[in-house]
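Written below as structure tokens is the structure these notes are about.
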Amino acid sequence: MAVRAAAGLALRPLRTADLAAVLAIQRAAYGDDYQETAVVLARKLALAPRACWLAQAEGAAVGYVFAHPWGDVGAPPLHAPLAALPAQAGQGFLHDLAVLPAARGRGVAAALFGRVRDWSAGAGHRGLRLVALADAVPFWARQGFSALPAMLPAGYGEGARLMARALRA
């Protein structure tokens, strides 16, 4: 069932049938540099279906988020399906949040992030982690994330940062 977010925006659990729309949003948001395949994204969805959402405005997909439980060290590889989630997952990991350029500034990213934050807190995680691409570091800093010293797997690009924030109990 869709959950109301910002005016005119509905959030609902992401489904496998949404992957074509997700790939179109991904291409519009990132260009060709950070395209992940439907196989990679479907695996994340299969591993953590309660941590992935689609944002719709007037029935059309305008944004999405993929998240999953994660451990306390490093980041998952980009462009590779996860074999499994860590047995000890003290963190939520926000893998990807993207919004169509035409829908930016309408609260889509904030609504999707709020859903991930609530999911992660409800799962008992101590915090959230993500890899911010260079141009997204300021946005995530405004959401309370701080950069961590870490080597990232190949593919995230120059200037990308592993970032973390604590979750309040």
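Residues considered: A141, A38, A83. Largest GNM mean-square fluctuation over the chain, using C-alpha springs under 10 Å, is found at A83. Placing unit charges on each Cβ (+1 for Lys and Arg, -1 for Asp and Glu) gives the chain a dipole about its Cα centre, and among L152, A164, L133 the Cα reaching farthest toward its positive end belongs to A164. A Cβ-based charge dipole, computed about the Cα centre of segment 54-168 with Lys and Arg at +1 and Asp and Glu at -1, lands at about 340 debye.
Note on the chain: with a GNM built from Cα contacts shorter than 10 Å, the maximum mean-square fluctuation among P149, P77, P49 falls on P149.
Hey, with R₀ at 25 Å, roughly what FRET efficiency would A84 and L152 work out to, going by the Cβ-Cβ distance, to 0.05? Can you show the working numbers first?
Working: r = 20 Å, r/R0 = 0.82.
The formula returns an efficiency of 0.75 here.
Highest mobility in the GNM of the chain, judged by mean-square fluctuation with C-alpha springs under 10 Å and restricted to P69, P153, P13, is found for P153.
Report, in deg cm²/dmol and to the nearest 500, the calculated mean residue ellipticity at 222 nm for the chain, where each DSSP H run with n ≥ 4 adds -39500 (n - 2.57) and the sum is divided by the residue count.
Working: 4 runs with 43 residues, N = 169.
Value at 222 nm, helices only, nearest 500: -7500 deg cm²/dmol.
Segment 149-169 and segment 97-142 have Cα centres separated by 13 Å. Amide H contacts under 5 Å for L148: L162, M163, A164, restricted to partners 5 or more places along the chain or on a different chain, H placed in the peptide plane at 1.01 Å from N. Rounded, prolate or oblate: pick one for segment 68-159, where a ≥ b ≥ c are the square roots of the eigenvalues of its C-alpha gyration tensor, a/c under 1.5 means rounded, and failing that, prolate if a/b is larger than b/c, else oblate. Verdict is oblate for segment 68-159.
Note the full-extension length gain between A46 and A24 as 0.36 nm times their separation in residues minus their Cα-Cα distance, in nm to one decimal.
Full-extension gain reported as 5.9 nm.
Only the coordinates and a few stated rules stand behind these numbers; no lab work does. This one's a predicted model, so the numbers in the text were calculated from it and none came from an experiment. Every residue, glycine as well, gets a Cβ built from its backbone with ideal geometry; the counts of neighbours run over all protein chains shown.
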